[in-house]
Structures are given as C-alpha cells and as structure tokens.
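The values are calculated or read from the model by the stated rules, or taken from the named source; none is laboratory data. On a predicted model such as this, the values are computed, not experimentally measured, just so you know. Reconstructed Cβ throughout: ideal geometry from the backbone, glycine too, with neighbour counts over all protein chains shown. To get the accessible areas, we keep the full protein, side chains included, count just its heavy atoms, and leave off ligands, DNA and RNA. Shrake-Rupley method; radii C 1.70, N 1.55, O 1.52, S 1.80 Å.
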Amino acid sequence: MMSLSIASPSGVTFTSKINLSKSSFHGIQIPKIIQARAVNALPPSCPSLVVKMAKREEELKEIRTKTAEELQEEIVDLKGELFMLRLQRSARNEFKSSEFLRMRKRIARMLTVKREREVEEGINKRISRKLDRKWKKSIVPRPPPSLKKLREEEAAEEAKESAS
C-alpha cells in the first residue's frame, strides 16, 4: 500500500491510497484445448508430405549426379520452357499453372547445386558472379525442347499428309 499526496497552489492537499502490491492483470492464459488442436492439426499419417520429401530427395540426387555442363544445359532448357509458358499465359492459351512453380524450383535447385560445387572448389561469391555473367553472355539462343518437339510433330503430320 502506498499513499500519494498532491499539493495544489490553493493550499488544498489531495491524498490517495494506491494498491501496487497486487495487479489485476495476470497475463493472457491460453486454454490447453487450443494447444491440443494445434498439435493435432495434421492427421497422424500424412503420406503426401512424406511423398513430396521423397520426390525432392530423388530429384536432388539426380541433379547432383550431373556434370556442370549438363546442369548448365538443363538450366538453359528449363528457362526456355519457362519462357514458353509465359508466352502461353500471355496469349491466353491453355497451360498448367503449377508448371511455373515446378520449373522455377527445379532451376533454383540446379543453381544451388552449381553454387555448392563452386564453394567446394573455393570460388568466392564475387568470382562466381563474374563467371555467371560470362556464361550468360556465351549462351546461344535456341528453341526450348517443347518447341522442338512441337515442330517435329508438325513435320511428321505434314509428311503423313503429303504421303497420303
């Protein structure tokens, strides 16, 4: 218990007793029921999560077995495919929107493996960026594999029509 007195210029004194020993606020109490729900939010057996992680691990193993040149070739191909998807989206053609995320993640994984190898070789970040710029300038523009496949199919159809 503490008393507080305030004097005013008119000579009147105000006295108040404040109880500081005990506060009425005891913090926020979260019921245990809500915590139990958060823990049980995922079903006990979540096979989709396990499958996704297994696929990712398989993909990383596959990427790590490739040489640096193969990685660079596949990165160029995937970036071309990504460009083709963007063209399809802009032309309002039918396409799978999930392919954007899948391709971007695959490209990121490949670039990560490429950078891991550079770190193992002792190439620092600055030199790595320089090498990347050189590599990007050396890329010869070529159609992505999906466009090559489409052209081959069209050529095969034309050959069938001309033979008939």
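Overview of results
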quantity: Vicinal HN-Hα couplings computed from phi for region 136-149 (Karplus, 6.51 cos²θ - 1.76 cosθ + 1.60; Hz; Gly/Pro x); calculated: 5, 6, 7, 5, 8, x, 8, x, x, x, 5, 6, 4, 4
quantity: Cβ crowding within 10 Å averaged over residues, with 141-152, 126-137, 79-90 ranked highest first; calculated: 79-90, 141-152, 126-137
quantity: For region 85-164, alpha-carbon Rg relative to the globular expectation (2.2 N^0.38 Å, N residues); calculated: 1.64
quantity: Average accessible surface area per residue within region 73-164, 1.4 Å rolling probe, Å²; calculated: 79
quantity: Pairwise FRET efficiency - R92 versus V113, Cβ, R0 = 45 Å, nearest 0.05; calculated: 0.80
